[in-house]
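Colleague: A single structure is presented below for examination.
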Amino acid sequence: MNSYYYTDEEVNNILTRDGFKCVVCGNRENEILKLNIGFLENKTNVNLKSNLNKVTLCENHKNINEIHSLKKLFLDLHQISINENNSEFISFTNKILKVYEYESK
C-alpha cells in the first residue's frame with residue numbers, strides 16, 4: 001500500500017470499507033499491483049479530513065481524477081474559446097476533446 005498523506009488508521013479504515021480492492025475494477029493488491037488511496041473529488045474542493053471522499057484505487061486507476069480534471073479544464077477552455085470566437089483555439093480544444101471521447105469508448 002502506497003500512502004504518503006494518511007495515518008495507518010485512516011488507510012486501514014478506507015481499505016476495510018472498500019474491501020481491500022480497487023473501487024473501479026475490483027483488483028486486489030499483490031506483488032505486482034499496488035493499491036493507493038485517492039480522492040473522489042478534487043482535493044481543493046473538499047474537506048481533506050473526511051474519509052468519505054477517499055477511496056481505494058489500484059495503480060491503473062490512481063490517476064483517474066487527474067484525467068477527469070484535465071478533461072474539465074479542456075471543456076472550460078473550449079467554452080472560453082467559443083465565447084471569444086477564437087477559431088484556432090476552438091480547433092485545438094476540439095482535437096483534444098476527441099481524444100477523451102475515443103478513450104471513453
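Colleague: Please list, in order along the stretch 82-90, the HN-Hα scalar couplings obtained from phi with the Karplus expression 6.51 cos²θ - 1.76 cosθ + 1.60 (θ = phi - 60°), rounded to whole Hz, x for Gly and Pro.
Modeller: Coupling constants for the stretch 82-90: 5, 4, 8, 6, 9, 4, 5, 6, 4 Hz.
Colleague: Pop a pseudo-label 7 angstrom from the Cα along the beta-carbon direction at both GLN79 and PHE20 and give the gap in nm to one decimal.
Modeller: 4.4
Colleague: Related question: How would VAL24, VAL99, VAL11 line up from fewest to most surrounding beta-carbon atoms within 10 angstrom?
Modeller: Ordered by Cβ neighbours within 10 Å, fewest first: VAL99, VAL24, VAL11.
Colleague: Would you pull out the residues with amide H under 5 Å of VAL55's amide H, same chain only if 5 or more places away, H placed 1.01 Å from N?
Modeller: The answer is GLY38, PHE39, LEU40.
Colleague: Quick one: order SER81, SER91 by neighbouring beta-carbon count within 10 Å, fewest to most.
Modeller: SER91, SER81
Colleague: Report the label-to-label distance for GLU9 and LYS72 in nanometres (one decimal), using points 7 Å from each Cα along the Cα→Cβ vector.
Modeller: 3.1
Values quoted throughout were computed directly from the atomic coordinates according to the rules given, and no laboratory measurement underlies them. Keep in mind it's a predicted model, so treat the numbers as computed, not measured. Glycine gets a Cβ as well: all are built from the backbone with ideal geometry, and neighbour counts include every protein chain shown.
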